[in-house]
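K.L.:
First the structure, which I've put down as structure tokens, then a few questions once you've had a look.
Derivation of every value follows stated rules applied to the coordinates shown; laboratory data play no part. Predicted model, so just to flag it, every value in this text is computed and none were measured. So basically every Cβ, Gly included, is an ideal-geometry build from the backbone, and we count neighbours across all protein chains shown.
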Amino acid sequence: MGKYIVRRLLQMIPVVLGATFLIYAMVFALPGDPTAGKCGERECSEAYKAAFYEKYNLNDPLPIQYGKYMANVVQGDLGENQYGNDVAGELGDRYLVTGKLALMALLWEGVIGIAAGALAGIRKGGFMDSLVLVSTLFLISIPVFVTGVVSQFFLGVKWGVASVTVSADATVYELLLPSFVLGSLSMAYIARLTRTNLAENLRADYVRTAKAKGLTPQRTVGLHALRNSLIPVVTFMGYDFGALLGGAIVTEGIFNIQGVGGYIFRGVNNRDGVAVVGAVTVLVVAYLLVNLLVDLLYGLLDPRISHD
Amino acid sequence: MTTVTTDPSAKQYRPENGRLLDVEELHVEFHTQEGVARALNGVNIYLDQGETLAILGESGSGKSVTAQTVMGILDIPPAKITGGAIRYCGQDLLQMGEEQRREIRGPEISMIFQDALSALNPVFPVGWQIAEMFRVHRGLNKSDALDQAVHLMERVQIPGARDRVKAYPHQFSGGMRQRIMIAMAIALDPAVLIADEPTTALDVTVQAQIMGLLKELQEERQMGLILITHDLGVVADVADRISVMYAGRIVEKAAVHDIYANPAHPYTEGLLASIPRLDRKGQELYAIGGLPPNLTRMPPGCPFHPRCGRARDICSSDDPDLLEVVPGRLSACHFSEEVLNG
Ligand SMILES: Nc1ncnc2c1ncn2[C@@H]1O[C@H](COP(=O)(O)OP(=O)(O)O)[C@@H](O)[C@H]1O
Ligand code: SF4
Ligand SMILES: [Mg+2]
């Protein structure tokens, strides 16, 4: 197990280097004058340009530039963005919000998705099954943008039961509706995944054994069949969490959430290379770590998987 | 070795004159897209304390459905019990409420299955799965229940039981897994153990070991044992009586040695001829021609007649009853005596 983790962590190094180099190259090797637009209408002065090139090592060949950048990154220094703010610090704040939002979305997905899927899967073709199939189809076919704006209007503006926007503090209450909107699509997938797996596991031989042991239907279904059905569901949720950590541009936009998605979006729009590369670097590392965690969790959930 | 002792007088179910189980005129059908498959058509079997009954028949003859109906683990729907009674110690299981039946499953009647790998839950340790019997039915706490599980694993001769109690089913060999199934099934000292093809998935040497273990446990605990098989060779040494099944009915009933020496039904004759026997070494192995009937469209007359070498006109019109040929021997064939004597 320990060996496995070390091996996986070592495997991450080339992935992180490759991914960050690509993004670095794409952002900083863009054609055109990197100082364009930095000095108002006029072209920047030669002195400014020289200082700029010096600061960002733009006179070096690309691999050297990248090497110098990464040397700072490993020391926790992601540089300053075009407003002169510390990217690492800003990202830290943003990740607090995005992480909270992602966790809450995951909670919605898990609780509602699994419950609905279990109710549907217990009796395939029954009323609950049809209800869940129709409502998940509904969620899957509506774009998140629409779900977000409509629910914001009705729940937030009209009926006042949810917060319309999210403040810089991003309290749990404020994030209730946005996280639900953000999780709604995966919620539908989880419900369907749970349903299919449970219905299939209910026909498994070990469920018949559980009945033969004189267990109650609650124990047979809720413990023996559901425990097996949740293996793929929990795995899905793990990968989904990784994806959610990349930020949620649409949801963040609708509810004015100061998250990672918006940060990257603005960075790209403003050609703020340092901000973009910094954010993506953190994102790649976070995603890979979450992936490793999911694989470890999978091994715990399914004893047949071995990580030796 | 310690086992959980229960006061025998506290037992709610006591056999009358040694009779544990009486299955009477059991009818079960399956509602499928093709129509109604009549899986059981009036099955009668009984079981006494301390005896072993073998149920023999080709695949699809209704052996598992019979066992699952007795256990009460049939999936209803698609199955439907359309008639009959299953008396356990005089009480009809089919008239009982679900809760009462649950209290019988495990402590009174229990069952082991063909493929222990799929019959055990892959995500729980084997010890946990055995211990669950004690926790659910006896209310034992986790560690006491696990201790009982270790004792049972020792009893079914799993080497290093105490160290392996936390291992998962896939970490055992096929034979060891079946031993774990057996440990789980006998955990609460049931009066009846049903084994549905317990050795079909195993190699020949392991088959013999498992059969030996079942026999040993049955004698030690005076259980009634129902051994389901499609292979008479497997049960010949272990069983006392045999009921032969065909197309959802019992077509012959007799003591093992009688059937082995001299069958009274052409179907049994065919089954016997198709197992390799030392005393017939060198002879070509026989296989019954044709296939069992489609249970949604049973042929008129004797259900075996399309495949029977002895069939005559009456066989395709009149369905033979299961009748006594000579004392202690029943056969459902118009020409039982002829079969028996020739
Ligand atoms: N789940 C099911 N759905 C439909 N028909 C079934 C089902 N289970 C059993 N049957 C029917 O019952 C017959 C007997 O099956 P079974 O008792 O499993 O045979 P076996 O003697 O091999 O154990 C089968 O031939 C099939 O027609
Ligand atoms: S009744 Fe006729 S068809 Fe049926 S087993 Fe006897 S001889 Fe064969
Ligand atoms: Mg069977």
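K.L.:
Report the equivalent ellipsoid semi-axes for region A:91-260 in whole Å, largest first, defined as the square roots of five times the eigenvalues of the gyration tensor built from alpha carbon atoms.
P.N.:
Equivalent ellipsoid of region A:91-260: 35, 17, 12 Å, largest first.
K.L.:
Report the Cα-based extents of region A:228-301 along its three principal axes, largest first, to the nearest Å.
P.N.:
Principal-axis extents of the Cα atoms in region A:228-301, largest first: 48, 25, 13 Å.
K.L.:
Tell me, what ³J(HN,Hα) does each residue in region B:207-220 have, in order and in whole Hz, if you take phi through Karplus 6.51 cos²θ - 1.76 cosθ + 1.60 with θ = phi - 60° and put x for Gly and Pro?
P.N.:
Karplus-based 3J(HN,Hα) across region B:207-220 equals 3, 5, 5, 5, 4, x, 5, 4, 4, 4, 5, 5, 5, 4 Hz.
K.L.:
What ranking do A:Met12, A:Met26 get, fewest neighbouring Cβ atoms within 10 angstrom at the top?
P.N.:
Numbers: A:Met12 16, A:Met26 13.
So the residues, fewest neighbours to most, are A:Met26, A:Met12.
K.L.:
Mind sorting A:Cys39, B:Cys333 by how few other Cβ atoms lie within 10 Å of their own Cβ, fewest first?
P.N.:
A:Cys39, B:Cys333
K.L.:
Right, here's the next one. Sorting check: for B:198-205, B:93-100, B:32-39, which peptide has the highest mean count of neighbouring beta carbons within 10 Å, and how do the rest follow?
P.N.:
Result, highest mean first: B:198-205, B:32-39, B:93-100.
K.L.:
Also, quick follow-up: For a test of the definition: using alpha carbon positions, the gyration tensor, and the 1.5 limit on a/c, classify chain A as rounded, prolate or oblate.
P.N.:
Verdict is oblate for chain A.
K.L.:
Across peptide A:214-220, how many C-beta atoms of other chains are within 10 Å of each residue C-beta, on average?
P.N.:
Values: counts 18, 7, 4, 2, 0, 2, 0.
Partner-chain Cβ atoms within 10 Å, mean over residues of A:214-220: 5.
K.L.:
Name the residue farthest towards the positive end of the dipole of the protein assembly as shown from the options B:Cys333, B:Val136, A:Tyr239, assuming +1 on Cβ of Lys and Arg, -1 on Cβ of Asp and Glu, about the Cα centre.
P.N.:
The listed residue farthest towards the positive side: A:Tyr239.
K.L.:
What average count of beta carbons from other chains do you get within 10 Å of the Cβ of residues in B:106-118?
P.N.:
Taking the mean over all residues of the peptide, I get 3.
K.L.:
In units of 2.2 N^0.38 Å, what is the alpha-carbon radius of gyration of region B:263-342?
P.N.:
1.18
K.L.:
What do the square roots of 5 times the Cα gyration tensor eigenvalues come to for the protein assembly as shown, in whole Å, largest first, as semi-axes of the equivalent ellipsoid?
P.N.:
One finds semi-axes of 69, 26, 24 Å for the protein assembly as shown.
K.L.:
Can I ask one more? With contacts defined as alpha carbon pairs under 8 Å and 6 or more residues apart, what's the relative contact order of chain B in percent?
P.N.:
Values: 646 pairs, mean separation 68.1, N = 342.
In percent, rounded to a whole number, it is 20.
K.L.:
Quantify how strongly other chains surround peptide A:201-211 by giving the mean number of their Cβ atoms within 10 Å of each of its Cβ atoms.
P.N.:
Averaged over the peptide's residues, the number is 6.
K.L.:
Still on this structure, I have one more. In the structure shown, do any of A:Lys213/B:Lys63; A:Lys3/A:Lys68; B:Lys63/B:Lys166; A:Lys3/B:Lys166; A:Lys211/B:Lys80; A:Lys100/B:Lys142 have a Cα-Cα gap over 27 Å, and if so which?
P.N.:
Table pairs above 27 Å Cα-Cα are A:Lys3/A:Lys68; B:Lys63/B:Lys166; A:Lys100/B:Lys142.
K.L.:
Relative contact order, percent, of region A:91-260 when contacts are C-alpha pairs under 8 Å separated by at least 6 residues?
P.N.:
Numbers: 216 pairs, mean separation 63.2, N = 170.
Relative contact order, region A:91-260: 37 percent.
K.L.:
Around A:Glu252, with a cut-off of 13 angstrom between Cβ atoms, what is the net charge of the other residues, counting Lys and Arg +1 and Asp and Glu -1?
P.N.:
Local charge sum for A:Glu252: +2.
K.L.:
As an exercise, use a Förster radius of 35 Å and the Cβ-Cβ distance of B:Asn294 and A:Met1 to find the FRET efficiency, rounded to the nearest 0.05.
P.N.:
Values: r = 54 Å, r/R0 = 1.54.
Efficiency computed from Cβ-Cβ geometry: 0.05.
K.L.:
Moving to a separate point now. Sorted from largest down, what three extents in whole angstroms do the Cα atoms of region B:36-111 have along their principal axes?
P.N.:
Extents along the principal axes, in whole Å: 31, 30, 19.
K.L.:
Right, here's the next one. Between region A:64-87 and region B:74-107, how many Å separate their Cα centres?
P.N.:
73 Å
K.L.:
I'd like to know which of A:Pro217, A:Leu177, A:Asn201 lies farthest towards the positive end of the charge dipole of region A:91-260, counting +1 on Cβ of Lys and Arg and -1 on Cβ of Asp and Glu.
P.N.:
A:Pro217
K.L.:
Assuming a ≥ b ≥ c are the square roots of the Cα gyration tensor eigenvalues, decide whether region A:253-292 counts as rounded (a/c under 1.5), prolate (otherwise, with a/b larger than b/c) or oblate.
P.N.:
Oblate, because a/c is 1.5 or more while a/b does not exceed b/c.
K.L.:
Translational diffusion coefficient, Stokes-Einstein: compute it for region B:188-337 using the Kirkwood radius over C-alpha pairs as Rh, at 37 °C and 0.692 mPa s, and state it as an integer in µm² s⁻¹. Mind showing how you got there, number by number?
P.N.:
On the way: Rh = 16.9 Å.
Answer, rounded: 194 µm²/s.
K.L.:
For chain A, what are the DSSP H helices with axial Cα length of 24 Å or more and mean Kyte-Doolittle hydropathy of at least -0.5?
P.N.:
Working: long enough: A:2-28 (38 Å, 1.35); A:87-108 (31 Å, 0.86); A:172-201 (39 Å, 0.61); A:226-244 (26 Å, 0.89); A:273-301 (41 Å, 2.27).
What comes out of the filter, once short or polar helices are dropped, is A:2-28, A:87-108, A:172-201, A:226-244, A:273-301.
K.L.:
Put +1 on the Cβ of every Lys and Arg and -1 on every Asp and Glu Cβ in the protein assembly as shown; which of A:Ala162, B:Ile210, A:Trp108 then has its Cα farthest towards the positive end of the dipole?
P.N.:
A:Ala162
K.L.:
Which value, in debye to the nearest 20, describes the size of the charge dipole of chain B about its Cα centre when Lys and Arg Cβ atoms bear +1, Asp and Glu Cβ atoms bear -1, and nothing else is charged?
P.N.:
Roughly 760 debye for chain B.
K.L.:
Using Cα-Cα distances under 8 Å and only pairs 6 or more residues apart, what relative contact order does region B:263-342 have, in percent?
P.N.:
Worked out over region B:263-342, it gives 32 percent.
K.L.:
In addition: Rounding to the nearest 10 and keeping the result within 0 to 90°, find how far the Cα-based axis of helix B:174-186 lies from the longest principal axis of chain B.
P.N.:
With both axes taken from Cα atoms, the answer is about 80 degrees.
K.L.:
On to the next question. Placing unit charges on C-beta atoms (Lys and Arg positive, Asp and Glu negative, everything else neutral), compute the dipole magnitude of chain A about its Cα centre in debye, rounded to 20.
P.N.:
Details: 24 positive and 23 negative charges, 336 e Å.
Its charge dipole is roughly 1620 debye.
K.L.:
Taking the DSSP beta bridges in the protein assembly as shown as the whole, what percent of them are antiparallel, to the nearest 5?
P.N.:
65 percent
K.L.:
Sorted from largest down, give the three principal axis spans of the alpha carbons of chain B, whole angstrom values.
P.N.:
Each principal axis gives a Cα extent; for chain B these are 67, 49, 43 Å.
K.L.:
What's the center-to-center distance, using Cα atoms, between region A:95-151 and region B:173-200 in Å?
P.N.:
One Cα centre to the other: 42 Å.
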